[in-house]
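Since the structure comes first, as C-alpha cells, the remarks are kept for the end.
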Amino acid sequence: MMLIDSPQVRRFLSLTGQRLPIVQAPIGSCAITPLASAVARAGGLGGLALSWSTPDAATQAIAATKAKADGNPFFANFVLHFPCEAFDAALDAGVPLVTFSWGVDPARIARARSAGVKVGVQVGHPLGARAARDAGVDFLIAQGIEAGGHVQSSTPLASLLPQVLNEAGDLPVIAAGGIATGSSIAHAITQGAAGVMMGTRFVASTESGAHDVYKQAIIAATDGDAAYTLCFDGGWNAAHRALRNDTLAAWEAAGCPLAGTRPGEGEILYRHGTEAIARYSDTPPNRGAEGALLSAVLYAGTGVGAITQVEPAAQIVSRLWSEAEASMRIP
Ligand SMILES: Cc1cc2nc3c(=O)[nH]c(=O)nc-3n(C[C@H](O)[C@H](O)[C@H](O)COP(=O)(O)O)c2cc1C
C-alpha cells in the first residue's frame, strides 16, 4: 500500500489542505518566510515561529508568507512559555493554522477555532495529548526525546507515539523528533502517525535563516553528536538537544555547574547587528552573525547523522517523500 493512501494521512491532508504529510517544524528564527513558503509550495506544511514576534512583525511575516505560498497552507507557532504577544495579530492577519507547544491554552485554542483557524498542539506526554484533545484541537504533534531544540518529552518517540495515538481518538497525530530520512518517515506512518514534522532537516535547507556555519555543522555531525542537555539555558531554563561543542564539553568537564560558576560565563561569543550573544545563550547563530559561532548553541535532533547536504526545501520535501514511498516497496 502507498503511504499517501493511509487513512490517517488522508484525514490529516484533508484537514489542512496540504498535498504531502510533511511538516516543517517551527525552528525558531530559522523558520523565516522563504523557508515556510517554499515548503508550502512543495506540498508540505510550512511554519513560522512567532512566539517572540511583535504584532506588527507577525502581521508582515504572515502577509509575506501568504503572498509567496501560492494559496498553500502554512502555520504560525506559539511557545506558551512566553507571552506570545503576536497571537491575536496572527489570527487577524488570516494565518491558516496555528500550533502551540509547551502547554495547552483552552482560551487561545477556542479563539483560533472560532476564527476558522485549525489548531495543532505539540505534546511530550499522553496526558498533554488528552488535555489538548479535551480543549478541542484539530491535530496533535507527538514530540519524542530525540527532537532538536527545546524538548518537552522525556520519552522516546517509539514509546510516546502509541500512547498519544491512544489518547487522540480520531485526531491525526504527527510524529516529531529525530526524523530525517525517508525510511523513518515511512516507519512513523506505519506506526499510525498521520505525517511527520522535521526541524533539524529544515535548518540545513537553502532557505532557512540559520548561519552557513550552523548548517555546515549539521552536515558534518554524526549520530550521537546531538546531546540532550541543560547547558544552553540563557533565557529559557528547559531541556534541549544541541550539537556537542567546546562550550558543552567545558561545562560537562566542570561537572555541569549552575549559572554563576560556569566556565567562560559572560564571555561574548558572537555579535548579530547590535546584539551581543554570550556563552550559554539559547540563541543559535543566524545569517549575518559574526564571531565564535561554533561555540554557540547549535540545536539538532538525533537524526542529524543522516543529513549530508544543504538542500532547497522543496527538494527535501519531494526527495524524502519519494524515499519514504520507495522504502515501502522493498521486500
Ligand atoms: C533550531 C530549532 C528551533 C526550534 N524552535 C522551536 C520553536 O520555536 N517552537 C517549537 O514549538 N518547537 C521548536 N523546535 C522543536 C521542533 O518543534 C521539533 O519538535 C523538533 O525540531 C523535531 O525534532 P528534529 O529537529 O529532530 O526534527 C525547534 C527545533 C530546532 C532544531
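State which residue pairs qualify: first residue farther than 21 Å from CYS30 by Cβ and inside the range 73-92, second residue part of a helix (DSSP H, G or I) and not charged (D, E, K, R) in any location, beta carbons under 6 Å apart, and separation of 6 or more residues or different chains. Listed by first residue and then by second, the contacts come to ALA89/PRO55; ALA89/ALA58; ALA89/THR59.
Would you check if GLY178 is modelled with pLDDT of 95 or more and within 13 Å of the ligand (Cβ to nearest atom)? Before the answer, list the steps.
Working: modelled with pLDDT of 95 or more: yes; within 13 Å of the ligand (Cβ to nearest atom): yes.
Against the criterion (modelled with pLDDT of 95 or more and within 13 Å of the ligand (Cβ to nearest atom)), GLY178 qualifies.
Scan the range 25-32 and tell me whether some residue there is surrounded by fewer than 20 Cβ atoms within 10 Å (Cβ to Cβ) and either in contact with a strand residue (DSSP E or B) (Cβ under 9 Å, 6 or more places away or on another chain) or of a type in the set (A, V, I, L, M, F, W, C) (or both).
Within the range 25-32, the subset surrounded by fewer than 20 Cβ atoms within 10 Å (Cβ to Cβ) is 29.
If we keep only those that are either in contact with a strand residue (DSSP E or B) (Cβ under 9 Å, 6 or more places away or on another chain) or of a type in the set (A, V, I, L, M, F, W, C) (or both) as well, we get 29.
Yes, the range 25-32 contains a residue that is surrounded by fewer than 20 Cβ atoms within 10 Å (Cβ to Cβ) and either in contact with a strand residue (DSSP E or B) (Cβ under 9 Å, 6 or more places away or on another chain) or of a type in the set (A, V, I, L, M, F, W, C) (or both).
Picking from residues in the range 155-170 that are more than 14 Å from the ligand (Cβ to nearest atom) and not hydrophobic (A, V, I, L, M, F, W, C), the one that is surrounded by the fewest Cβ atoms within 10 Å (Cβ to Cβ) is ASP170.
Just one of (1) in contact (Cβ under 8 Å) with a residue 40 or more places away in the chain; (2) within 11 Å of the ligand (Cβ to nearest atom) fails for VAL121. It is (1).
No other residue among ILE185, ILE218 is assigned by TED's automatic domain parsing to the domain that holds CYS256 and within 15 Å of the ligand (Cβ to nearest atom) apart from ILE218.
Table: residues versus (1) over 23 Å from ALA49 (Cα atoms); (2) assigned by TED's automatic domain parsing to the domain that holds ALA25; (3) outside any loop (DSSP other than H, G, I, E, B); (4) not small (Gly, Ala, Ser).
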| residue | (1), (2), (3), (4) |
| --- | --- |
| PRO162 | yes, yes, yes, yes |
| LEU165 | yes, yes, yes, yes |
| GLY178 | no, yes, no, no |
| MET197 | no, yes, yes, yes |
| ARG201 | no, yes, yes, yes |
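Counting only residues that are in contact with a helix residue (DSSP H, G or I) (Cβ under 8 Å, 6 or more places away or on another chain), farther than 21 Å from ALA131 by Cα and not β-branched (Val, Ile, Thr), the range 178-194 holds 8 of them.
Scanning the range 196-227 for residues being under 16 Å from the mean Cα position of the chain (by Cα) and closer than 13 Å to ALA180 by Cα gives a total of 11. List every residue pair whose Cβ atoms sit under 8 Å apart, with the two residues 6 or more apart in sequence or on different chains, where the first one lies in the range 30-41 and is in contact (Cβ under 8 Å) with a residue 60 or more places away in the chain and the second, anywhere, is away from the ligand (no atom under 16 Å from the Cβ) and not in a helix (DSSP H, G or I). What qualifies is ALA38/PRO312; ARG41/ALA69; ARG41/ASP70; ARG41/ASN72. Among the residues making up the range 23-36, those that are of a type in the set (A, V, I, L, M, F, W, C) and more than 11 Å from the ligand (Cβ to nearest atom) are ILE32, LEU35, ALA36. Being touching a residue at least 60 places away in the same chain (Cβ under 8 Å), under 24 Å from ALA313 (Cα atoms) and surrounded by 22 or more Cβ atoms within 10 Å (Cβ to Cβ): is that true of ALA226 here? Against the criterion (touching a residue at least 60 places away in the same chain (Cβ under 8 Å), under 24 Å from ALA313 (Cα atoms) and surrounded by 22 or more Cβ atoms within 10 Å (Cβ to Cβ)), ALA226 qualifies. Residues considered: LEU48, LEU20. Of these, the only one that is aliphatic (A, V, I, L, M) and assigned to a strand (DSSP E or B) is LEU48.
Name the one entry in ARG244, ARG319 that is closer than 27 Å to GLN143 by Cα, touching a strand residue (DSSP E or B) at 6+ places or on another chain (Cβ under 7 Å) and among the charged types (D, E, K, R).
Every option except ARG244 fails the conditions.
If you check ARG11 against the conditions, is it outside any helix (DSSP H, G or I) and surrounded by fewer than 24 Cβ atoms within 10 Å (Cβ to Cβ)? Before the answer, list the steps.
On the way: outside any helix (DSSP H, G or I): no; surrounded by fewer than 24 Cβ atoms within 10 Å (Cβ to Cβ): yes.
When the stated conditions are applied, ARG11 does not pass them.
The values are calculated or read from the model by the stated rules, or taken from the named source; none is laboratory data. Values in this document were obtained by computation on a predicted structure and should not be read as measured data. Backbone-built Cβ (ideal geometry, glycine too); neighbour counts: all protein chains shown.
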